[in-house]
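Data first, discussion second: the structure below is written as structure tokens.
The values are calculated or read from the model by the stated rules, or taken from the named source; none is laboratory data. If you're wondering where the values come from, they're calculated on a predicted model, not measured in any experiment. When we count neighbours, we look across all protein chains shown, and the Cβ atoms used for this are built from the backbone with ideal geometry, even at glycine.
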């Protein structure tokens, strides 16, 4: 499976999109309460609330921070195996209820085994279901984007960018273990993740992380929050798929 890199700039506007459709609670359909003998029994009836219009879903996709080539990625497109089954199950639970008991999901394991693809698929499916806005970003890019607010020619302040990130219903952060450690990155990581942690506890937002490193080896303030018994840590033991890729 090929991968397209994420965009290099975080979207400049996060719309005030409702977290989920008030009619169908984000499912996108209804099941009619009819007798089992009725031919409509068990069949999904699409929800016609304007919440599900193509224009609105397109706006959500624009906020995802993904290139057009990644917007089609879905969890079902990843072949399941014994090494990645726990990851795929956890991903589906996050999509079904991103701000519910799942709260935070940390996926770790060797390189090339579809962790990034899962994060992108989660973002797409959450936005598609109207449970967003959801966004994908690498951690180093996230830190650099926030740090740029301190430049003299910055058009936004640190607080403004911080608040924009807080407004995301779901944030998927890739390569969590690859950012260069600096005093700024350490301070931001504590402030930002502590804020998102408190939001997750309240059920108002969710985070999905991916990295190659066992989270137990990450800085203690991060691991202490990820390891909260209400959240989920999943090791993806599937081998790298990259040696089997072919061009064209």
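Restricting attention to the stretch 107-142, and to residues there that are in a helix (DSSP H, G or I) and either without any contact (Cβ under 8 Å) to a residue 40 or more places away in the chain or over 15 Å from residue 76 (Cα atoms) (or both), which single residue is nearest to the chain's Cα centre (by Cα)?
Ranking the qualifying residues of the stretch 107-142, first place goes to 127.
Which condition breaks for residue 189 when tested against (1) more than 14 Å from residue 107 (Cα to Cα); (2) surrounded by fewer than 19 Cβ atoms within 10 Å (Cβ to Cβ); (3) at pLDDT below 85?
(2)
Among the residues of the stretch 143-152, is any touching a helix residue (DSSP H, G or I) at 6+ places or on another chain (Cβ under 6 Å), in a strand (DSSP E or B) and surrounded by 16 or more Cβ atoms within 10 Å (Cβ to Cβ)?
Checked the stretch 143-152: no residue is touching a helix residue (DSSP H, G or I) at 6+ places or on another chain (Cβ under 6 Å), in a strand (DSSP E or B) and surrounded by 16 or more Cβ atoms within 10 Å (Cβ to Cβ).
Kindly provide the set of residues from the stretch 62-89 that are in contact with a strand residue (DSSP E or B) (Cβ under 7 Å, 6 or more places away or on another chain), crowded, with 21+ Cβ neighbours inside 10 Å and in a helix (DSSP H, G or I), ordered by number.
87, the sole residue that qualifies.
Restricting the search to the stretch 214-229, which residues are modelled with pLDDT of 80 or more and more than 22 Å from the chain's Cα centre (by Cα)?
217 - this is the single residue of the stretch 214-229 that is modelled with pLDDT of 80 or more and more than 22 Å from the chain's Cα centre (by Cα).
When residue 95 is evaluated against the numbered criteria (1) crowded, with 18+ Cβ neighbours inside 10 Å; (2) over 16 Å from residue 237 (Cα atoms); (3) in contact (Cβ under 8 Å) with a residue 40 or more places away in the chain, which criterion, by number, is the only one it fails?
It is condition (3) that residue 95 fails.
Which of (1) at pLDDT 90 or above; (2) surrounded by fewer than 22 Cβ atoms within 10 Å (Cβ to Cβ) does residue 51 not meet, given it meets every other one?
(1)
Quickly run through the stretch 230-248 and pick out the residues that are farther than 16 Å from residue 81 by Cβ and either out of contact with any strand residue (DSSP E or B) (no Cβ under 7 Å at 6 or more places or on another chain) or modelled with pLDDT under 65 (or both).
The answer is 230, 245, 246, 247, 248.
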